[in-house]
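Novice: Quick one: the structure is below, and I'll ask about it shortly.
Readers should treat all values here as calculations from the given coordinates under stated rules, not as data from a laboratory. Only a predicted model underlies this, so the values are computations on that prediction, with no experimental measurement involved. Positions of Cβ are backbone-derived with ideal geometry, glycine not excepted, and every protein chain shown enters the neighbour counts.
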Amino acid sequence: MIFCGYRTPYDICKLREEMGKENIDVKMIECRISGVSLLHAICLAFLMYSAAGMSTASEKDAQPVSSARLDETKIQGLREKAIKGDVDAQYQMGLMYATGKGVSQNYDEALRWFRPAAQSGFAKAETSMGFMYANGFAVTKSDTQSLYWYEKAANHGDPVAQNNLAMLYDQGIGNQAHSRDVNKALKWYRKAAEQGLVTAQARLGFIYMIGDDIAKNGDEAFTWMSKAARQGHLESMANLGYLYEQGFGVKQNYAEALKWYQAAANAGSPMGEFNIAHLYQEGLGVAKDSALALNWYRKAADHGMAEAWMRLASASRRGEGTVKNQAEAIRLYRIAADMGSVNAQHDLGLVYMNGDGVPQDDIEAEKRFEQAADQGDVETQFLLFKFYLDRYDKNGSLGAESFFKKSTNSIKAYKWLLIAKSNSMKDCKVCKTADSYLQIADLAMTAKDVKQARDYVVEWKTRFSKRPRKEILPL
């Protein structure tokens, strides 16, 4: 396993000692596997999936609406059937209005037609109702109603509903992490995956690969990732290559890893390009070639991958495959950080904190640390607390009690310390370390300041929990 970017001795040694290795290991693979995780999900209004061949028995005669614009005669014929109570026609009418295919997009009209079909037990219409409530289209957004309709459709065998229901349990009902139920999520992902739904196969494989609140399982990860990859799922092709590279769930095989990375890259996956670069950088199954690695990192960077910019920055910093150039490295770090790379934000903070090749700048360091911490990175959250403490107590003579009593940054430090503790793995060292500091803080700070810090934590958790899900509207 490797880190995505540059790490200073303080970061590796001291944080490992204080946080515990178990928290760091998660970050080691995040930049090498592709985003099937909900943590980095992208908000999509519609992620279309063709369910041809997956209809339940009650829907075997349903025909999908053509992507071409329907002529008025066909629309009128479909409308007449829908008015007479034909549930398939009602669903198709709703789908046309929801997607804007054949008619102008109109969610109110879509709801008008989805509802009667759903109330008649037509599974795809039930799924569509769940989708409407999940996104607040023509209705008040409601996870309770979304759950209701997804459960009905899932129990009627619709794979899209099963996937979307799994996603609700995966992230937590109402986007509340405390209501997350991984076992229920796995149950419904599996049902959808067994029906061939590629998004469910990909997520199921990913959960087993990273051990997302469950024990890692190489066999399950390989089974489902390979199924999704062979259906052309981009992220899964890259992730399958990673399984071969690591020998997780399958015998280690660099040639197979390269094959799947190349397949993903050829299909337009920057992660595939990124991982090809890694093989050449490390000489895994291929001759080590730093210059060729940089070419692949540039391709991934040009395709919008922030971590590839991070690798280019690291190469410039070290002079690997290119001329050593600190100014260029900083420029590339900024690009990666501004694109949202947690590793770049973290490392850029370290650069400014230490004045490493740039003028020392605590304001810029704090800004970059806060960017990474705000994205949920436990390592940086804990480091940000230490940053405030160390800047107050530069020679270690004042102590934590004095810091929490007198520092103007005590509330912010308390906030990030408490968030780091709550986001850390159970029983890890950071939890114990944080507890000892928090006990000091609770005694040293005023009740008003502690309350304000805890209010900030609640606000952050609420905002962080409202990350979007990739839900599917059935076609």
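Novice: Counting alpha carbon pairs within less than 8 Å and at least 6 residues apart, what relative contact order, in whole percent, applies to region 381-461? Provide the component values of the computation, followed by the final result.
Specialist: On the way: 72 pairs, mean separation 28.2, N = 81.
In percent, rounded to a whole number, it is 35.
Novice: How about region 203-244: which trypsin sites (Lys or Arg not before Pro) there are in a DSSP loop, with at most 14 other Cβ atoms within 10 Å of their Cβ?
Specialist: In loop regions of region 203-244 (DSSP not H, G, I, E or B), the sparsely surrounded trypsin sites (Lys or Arg not before Pro) are Lys216.
Novice: For region 94-130 and region 191-215, write down the distance between their C-alpha centroids in whole Å.
Specialist: The two parts, judged by their Cα centres, are 28 Å apart.
Novice: Label points 7 Å out from Cα along the Cβ direction at Asp71 and Asn295: separation in nm?
Specialist: 5.4 nm
Novice: Within region 308-365, list the trypsin sites (Lys or Arg not before Pro) lying in a DSSP loop whose Cβ has at most 12 other Cβ atoms in a 10 Å radius.
Specialist: Of the trypsin sites (Lys or Arg not before Pro), the ones in loops of region 308-365 whose Cβ has at most 12 other Cβ atoms within 10 Å are Lys324.
Novice: Okay, next question. Treat each spin label as a single point 7 Å out from the Cα along the C-beta direction, and report the Thr322 to Lys288 distance in nm.
Specialist: Taking the simple label geometry, Thr322 and Lys288 are separated by 2.0 nm.
Novice: If you take the beta carbon distance between Lys216 and Asn395 as r and set R0 to 41 Å, what does 1/(1 + (r/R0)^6) give as a FRET efficiency, to the nearest 0.05?
Specialist: Approximately 0.40, to the nearest 0.05.
Novice: OK, next. Using the alpha-carbon centroid of each, what span in Å lies between region 286-308 and region 365-421?
Specialist: If you average the Cα positions of each part, the centres end up 35 Å apart.
Novice: How would you rank 372-379, 234-241, highest first, on the average number of other Cβ atoms within 10 Å across their residues?
Specialist: Values: 372-379: 22.1, 234-241: 28.5.
Going from most to least packed, we get 234-241, 372-379.
Novice: Hand me the trypsin sites (Lys or Arg not before Pro) from region 372-441 located in a DSSP loop with no more than 15 other Cβ atoms within 10 Å, in residue order please. Don't skip to the end; give the middle numbers.
Specialist: On the way: sites: Lys386, Arg391, Lys394, Lys405, Lys406, Lys412, Lys415, Lys421, Lys426, Lys429, Lys432; in loops: Lys394, Lys426.
Listed in order of number, the matching sites are Lys394, Lys426.
Novice: For region 197-312, what Kirkwood radius comes out of the mean inverse Cα-Cα distance, in Å?
Specialist: Numbers: mean 1/r = 0.0715 Å⁻¹.
After inverting the mean inverse Cα-Cα distance, the result is 14.0 Å.
Novice: Quick check on my link table: of Lys101/Lys141; Lys141/Lys451; Lys394/Lys421; Lys84/Lys152, which ones sit more than 27 Å apart, alpha carbon to alpha carbon? Numbers along the way, then the final one.
Specialist: Numbers: Lys101/Lys141 24 Å; Lys141/Lys451 31 Å; Lys394/Lys421 24 Å; Lys84/Lys152 24 Å.
Beyond 27 Å: Lys141/Lys451.
Novice: Can you put Ser226, Ser179 in order, fewest other beta carbons within 10 Å first?
Specialist: With the sparsest Cβ surroundings first, the list reads Ser179, Ser226.
Novice: Any chance you could list the semi-axes, whole Å, largest first, of the equivalent ellipsoid that the Cα gyration tensor gives for region 199-267, using √(5λ)?
Specialist: They are 18, 14, 8 Å, listed largest first.
Novice: State the extension gain, in nm to one decimal, for the chain segment bounded by Arg334 and Gln119, taking 0.36 nm per residue of separation less the distance between their alpha-carbons.
Specialist: Computed gain between Arg334 and Gln119 is 72.1 nm.
Novice: Here's another thing I want to ask about it. Mind checking the dipole of region 381-461: about its Cα centre, +1 per Lys or Arg Cβ, -1 per Asp or Glu Cβ, Debye to the nearest 20?
Specialist: The dipole magnitude comes to about 120 debye.
Novice: Semi-axes of the equivalent ellipsoid for region 381-461, please: Cα gyration tensor eigenvalues, times 5, square-rooted, ordered largest first, whole Å. If you can, show how the numbers build up before the last one.
Specialist: On the way: eigenvalues 68, 47, 24 Å².
Semi-axis lengths for region 381-461 are 18, 15, 11 Å.
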